[in-house]
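Everything on this sheet refers to the single structure shown next.
The values are calculated or read from the model by the stated rules, or taken from the named source; none is laboratory data. Computed from a predicted structure; not experimentally measured. Cβ: placed from backbone, ideal geometry, glycine included. Neighbour counts: every protein chain shown.
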Amino acid sequence: MGSQVKDVKLPPNSPTQLVLNKHADFIAAYGKKKDDYEYCITEYLRMSGVYWGLTSMFLMNKQDMMEKDEIIEFVKSCQHENGGFSASHNHDPHLLYTLSAIQVLSLYGCIELIDVNKTVDYVSKLQQADGSFVGDKWGEVDTRFSFCALASLKLLGHLEAVNVPKAVEYVLSCMNFDGGFGCRPGSESHSGQIYCCLGAFAIADSLHHVNADMLGWWLCERQLPSGGLNGRPEKLPDVCYSWWVLASLKIIGKLHWIDKV
């Protein structure tokens, strides 16, 4: 018995091309409206928001529209004494925002402006005996954090600070019968988690553990008649999954399997 297909219906007057200037103007204006409701309620993920916006601007070759010095100072000000970074001021440090901070500084080529050794120490201490990583001192385990840790250390040039084979072993334990990966062993396969697990394997030179054909098929099944992609079966398409799915297919060399039209 097949799964239910949920999809959206695109109106006939939908845009047929990206209006890059409007995207760039929207992103550039976001950080200047500090009293807006939307700005205030997203404080808890501000560091990642800065990275997402900045990456988009670099992809559009519009990075000069961003306040470089202000962004760098913000990132620096969010580093804690233990080396980790928080999403914003007066928030706790977390591995998610530590990676975003490192990515922002890497884009600007100024990673030396932070205390790298402290950050390496912070990340390495989050690894557990089974190879997994917790996101912060509160102890949540998730394969997202495995990717964040390995990506952070790779960008900092200190991948040797953690037990990489053990990290790979843990991620591998989260593989499911359908070729996908979940957040922990036994958890449902999810496109976002798959991207994180594949990213971790790629950084660790361990992609040979993946059944690329089986996983590639599962990822391609996420595409719906509208052309959009969902994160798991029986869900609606979401543009964020266009990234998770397509990036995952690219990593395993199966991007040509998707219907690009």
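Identify all residues within segment 214-228 that are more than 13 Å from residue 243 (Cα to Cα) and buried (at least 18 other Cβ atoms within 10 Å of the Cβ); write none if there are none.
215, 216, 218
Output the number of the condition that residue 79 fails; it satisfies all remaining conditions of (1) farther than 30 Å from residue 230 by Cβ; (2) touching a residue at least 60 places away in the same chain (Cβ under 8 Å); (3) polar (S, T, N, Q).
Residue 79 satisfies all of (1) farther than 30 Å from residue 230 by Cβ; (2) touching a residue at least 60 places away in the same chain (Cβ under 8 Å); (3) polar (S, T, N, Q) except (2).
Would you please name the residue that is surrounded by the most Cβ atoms within 10 Å (Cβ to Cβ), looking only at residues in segment 1-33 that are farther than 27 Å from residue 236 by Cβ and at pLDDT 90 or above?
Checked segment 1-33; the qualifying residue surrounded by the most Cβ atoms within 10 Å (Cβ to Cβ) is 24.
Got at least one residue in segment 133-154 being of a type in the set (D, E, K, R), surrounded by 20 or more Cβ atoms within 10 Å (Cβ to Cβ), assigned to a loop (DSSP other than H, G, I, E, B) and modelled with pLDDT of 95 or more? Break it down into steps so the answer makes sense when it comes.
Step one: list which residues in segment 133-154 are of a type in the set (D, E, K, R), which gives 136-137, 140, 142, 144, 154.
With surrounded by 20 or more Cβ atoms within 10 Å (Cβ to Cβ) added as a condition, the list becomes 142, 144.
Add one more test, that the residue is assigned to a loop (DSSP other than H, G, I, E, B), and what stays is 142.
Restricting the remaining residues to those that are modelled with pLDDT of 95 or more gives 142.
Within segment 133-154, one or more residues are of a type in the set (D, E, K, R), surrounded by 20 or more Cβ atoms within 10 Å (Cβ to Cβ), assigned to a loop (DSSP other than H, G, I, E, B) and modelled with pLDDT of 95 or more.
Quick check on my filter: what residues within segment 128-166 are within 19 Å of the chain's Cα centre (by Cα), more than 17 Å from residue 181 (Cα to Cα) and of a type in the set (S, T, N, Q)?
152
Within segment 34-86, work out how many residues are surrounded by 11 or more Cβ atoms within 10 Å (Cβ to Cβ) and either in contact with a His (Cβ under 6 Å, 6 or more places away or on another chain) or not in a helix (DSSP H, G or I) (or both).
Result for segment 34-86: 14.
Are any residues in segment 155-164 farther than 18 Å from residue 197 by Cβ and part of a helix (DSSP H, G or I), and if so, which ones?
155, 156, 160, 161, listed by residue number.
Only one of (1) of a type in the set (Ser, Thr, Tyr); (2) over 18 Å from residue 204 (Cα atoms); (3) in the same structural domain as residue 204 (by the TED database) is not met by residue 100, so which one is it?
(3)
Yes/no per residue for (1) more than 22 Å from residue 142 (Cβ to Cβ); (2) of a type in the set (A, V, I, L, M, F, W, C):
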| site | (1), (2) |
| --- | --- |
| 167 | no, yes |
| 175 | no, yes |
| 186 | no, no |
| 189 | no, no |
| 199 | no, no |
| 204 | no, yes |
| 216 | yes, no |
| 226 | yes, no |
| 230 | no, no |
